[in-house]
Amino acid sequence: MKVTLWFTLFMMLILTITSGILLFTANRVKQLTIQNRLIETVTDVEKAKKFEMAEKIALPIEDVYISIYDEEGNFVSGILPQEISQRIPLQEDTIREIHEKGKSWYVYDEISKKERGTLLWVRGIFSTSSLFEGENMLLKLFVHSLPLLVILVAIIGYGIIKRGFRPIDNIIETAEKIGEGADLTQRISLGEGHDEIHVLANTFDHMFEKLERAFEKEKQFTADASHELRTPLSVMRAQCEYGIEQAATLEESKENLREIHSQILKMSSLVGDLLTLTRVDEDKEFVREKEEICFSEMVSLIVEQQRELAQEKEIEIKTEIESDLNFYGEQTLLMRMIMNLIENAIQYGKYGGNVWVSLWKEGKIIKLQITDDGIGMEERHLDKIWNRFYRIDESRNPRGNNVGLGLSFVKWIVKAHNGEISVKSQPGKGSTFIASFQEGKE
Ligand code: ADP
């Protein structure tokens, strides 16, 4: 409404000013033309010495009334408009405008010498009243049609503007719907288009989509976390109930407590993981204490630590570690990453099998590869294993102490160190994880 009002006012202003200027110029041009015609006709009569002829003039020449006066100003011959008296004072070579009986006229006088030296005046009179009748009509027409024009301009303008603003109404409507019902599935859906409003709507849709995904992820995360916490809690509850009601001997009670203790350990490790995850989400600068690390030493050390675990499954860890490869990063995070990958290789490796750990440099890139010859994974799982709480099959994890957070940490740690990680795997044959990092600082 505001826009319509403004532009209607503006249009009216422009229309009035331009019409005013046009009318004024047209009048001025007409005035000058008429004055010239008056002068020319009078001069013509004077030059041609048509005084005798003027006596016979009974009609105006080109609408100019010609009359002749003698030296004393007495009317000699010619014609005068009815409304004009004969005694208008003579004045040489100037156009005057006189008003008589409600009408106006241009009067122009010129002196002419006769052959014998006597003087005569030639007078031309032109009616200006009829001259501006056309313009006056136009002016009236304009003034009368102005309100109609205003209404027309306002209605059409309003229609156009409303059409133009409809997409914005859509945007507001969708935003309100989302705001009221927190329904993030709503979209503006304006379709294809390259103008600003389409770009804006598409940006909003894109944002809504991202928000929806983020909310879904959040919901999923809370559901998964609660689920994971519920399992040890129910085991503990059952153990407690059994201990209170059934346990007869001290040994039985101790067995109960041992089970409860192991569940508590599992829970505290899970809670620790969850806390780390919130830190990961909130803090972009999670990697705070970066330092120069001898990657080669770190990998060798962790391999030695893991040999005991490997021994339980009679797995042999074989290494091929290039020495003195340095890297800039946070020690505890990098250790956790390497440990997670080797633990997985052992856990999902086959009994009596092998795990290969290699570290080498290609140009400026340090590569860490961990391979096992265990159960492997099907292709369809490979891009999902990095998601939080994603486990392929719980039966693959007989000890039941893994919740599917390990690889999501690994992925995040690699990313936080500007690295990349990929996986190749074949069911029944084994898996290979390769992480690559830039050598030295950043
Ligand atoms: P978890 O804590 O259950 O090990 P991860 O995030 O570490 O969770 O791994 C996700 C899933 O990927 C695991 O449930 C497992 O099935 C699969 N996986 C991970 N590493 C390997 C591997 N080396 N070989 C076969 N499967 C693996």
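Rundown of residues vs (1) at pLDDT below 85; (2) among the charged types (D, E, K, R); (3) under 30 Å from Leu13 (Cβ atoms), yes/no style:
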| position | (1), (2), (3) |
| --- | --- |
| Val150 | no, no, yes |
| Lys162 | no, yes, yes |
| Ala175 | yes, no, no |
| Ala182 | yes, no, no |
| Ser189 | yes, no, no |
| Phe221 | yes, no, no |
| His227 | yes, no, no |
| Ser234 | no, no, no |
| Gly243 | no, no, no |
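Could you tell me which of the residues Gly376, Gly353 is of a type in the set (Gly, Ala, Ser), over 26 Å from Thr222 (Cβ atoms) and more than 48 Å from the chain's Cα centre (by Cα)?
Values: Gly376 fails: more than 48 Å from the chain's Cα centre (by Cα).
Result of the check over Gly376, Gly353: Gly353.
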Condition met for Ser436 (among the small types (Gly, Ala, Ser), modelled with pLDDT of 90 or more and either more than 7 Å from the ligand (Cβ to nearest atom) or outside any loop (DSSP other than H, G, I, E, B) (or both)) = yes
Which is closer than 30 Å to Thr41 by Cα, out of contact with any Phe, Trp or Tyr (no Cβ under 6 Å at 6 or more places or on another chain) and exposed (fewer than 13 other Cβ atoms within 10 Å of the Cβ), of Thr185, Thr203, Thr118?
-> Thr118
With Ile375, Ile338, Ile370 as the choices, which residue is β-branched (Val, Ile, Thr) and closer than 17 Å to Glu308 by Cα?
-> Ile338
Looking only at the stretch 420-430, count how many residues are of a type in the set (S, T, N, Q) and away from the ligand (no atom under 11 Å from the Cβ).
-> 1
What tally of residues in the stretch 312-336 results from selecting those that are within 16 Å of the ligand (Cβ to nearest atom), surrounded by 14 or more Cβ atoms within 10 Å (Cβ to Cβ) and under 23 Å from Lys361 (Cβ atoms)?
-> 4
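Being among the aliphatic types (A, V, I, L, M) and over 28 Å from Asp373 (Cβ atoms) is the filter; apply it to the stretch 274-327 and report the residue that is modelled with the lowest pLDDT.
Let us first name the residues in the stretch 274-327 that are among the aliphatic types (A, V, I, L, M), namely 274-275, 277, 280, 287, 293, 298-299, 301-303, 309-310, 315, 317, 321, 325.
Filter once more, keeping what is over 28 Å from Asp373 (Cβ atoms): 274-275, 277, 280, 287, 293.
Numbers: Leu274: 82, Leu275: 81, Leu277: 76, Val280: 74, Val287: 67, Ile293: 90.
Here the answer is Val287.
Any residue in the stretch 139-152 that is on the phi < 0 side of the Ramachandran plot, surrounded by 12 or more Cβ atoms within 10 Å (Cβ to Cβ) and not aliphatic (A, V, I, L, M)? Don't jump to the end; show me each part of the working.
Restricting attention to the stretch 139-152, the residues satisfying the condition of being on the phi < 0 side of the Ramachandran plot are 139-152.
Still in the list and also surrounded by 12 or more Cβ atoms within 10 Å (Cβ to Cβ): 139, 142, 146, 149-150, 152.
Pick out the ones that are also not aliphatic (A, V, I, L, M) and you get 142.
Yes, because at least one residue in the stretch 139-152 is on the phi < 0 side of the Ramachandran plot, surrounded by 12 or more Cβ atoms within 10 Å (Cβ to Cβ) and not aliphatic (A, V, I, L, M).
Condition check ((1) surrounded by fewer than 17 Cβ atoms within 10 Å (Cβ to Cβ); (2) within 9 Å of the ligand (Cβ to nearest atom); (3) under 17 Å from Leu301 (Cβ atoms)) across all residues:
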site	(1), (2), (3)
Ile338	no, no, yes
Gly349	no, yes, no
Asn354	no, no, no
Glu362	yes, no, no
Asp373	no, no, no
Glu378	yes, no, no
Phe389	yes, yes, no
Val410	no, yes, no
Asn418	yes, no, no
Do we have any residue at all in the stretch 330-347 that's part of a loop (DSSP other than H, G, I, E, B), of a type outside the set (D, E, K, R) and either out of contact with any strand residue (DSSP E or B) (no Cβ under 9 Å at 6 or more places or on another chain) or modelled with pLDDT under 95 (or both)?
-> no
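One line per residue, one yes/no per condition, for (1) under 30 Å from Arg388 (Cα atoms); (2) part of a loop (DSSP other than H, G, I, E, B):
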site: Asp169; (1), (2): no, no
site: Glu173; (1), (2): no, no
site: Glu180; (1), (2): no, no
site: Glu192; (1), (2): no, yes
site: Ala201; (1), (2): no, no
site: Arg213; (1), (2): yes, no
site: Lys217; (1), (2): yes, no
Residue that is surrounded by the most Cβ atoms within 10 Å (Cβ to Cβ) [pool: residues in the stretch 226-275 that are among the polar types (S, T, N, Q), free of Cβ contacts under 8 Å to residues at least 24 places away in the same chain and over 27 Å from Phe409 (Cβ atoms)] | Asn256
Among the residues of the stretch 48-73, the number that are modelled with pLDDT under 80, surrounded by 14 or more Cβ atoms within 10 Å (Cβ to Cβ) and of a type in the set (Gly, Ala, Ser) is 1
Leu309 being within 16 Å of the ligand (Cβ to nearest atom) and over 22 Å from Ser436 (Cα atoms) = yes
Determine which member of the set Val76, Val45 is at pLDDT below 85 and assigned to a helix (DSSP H, G or I).
-> Val45
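The values are calculated or read from the model by the stated rules, or taken from the named source; none is laboratory data. Predicted model only: the values in this text are computed from it and were never measured. Heads up, the Cβs are rebuilt from the backbone with ideal geometry, glycines too, and the neighbour counts pull from every protein chain shown.
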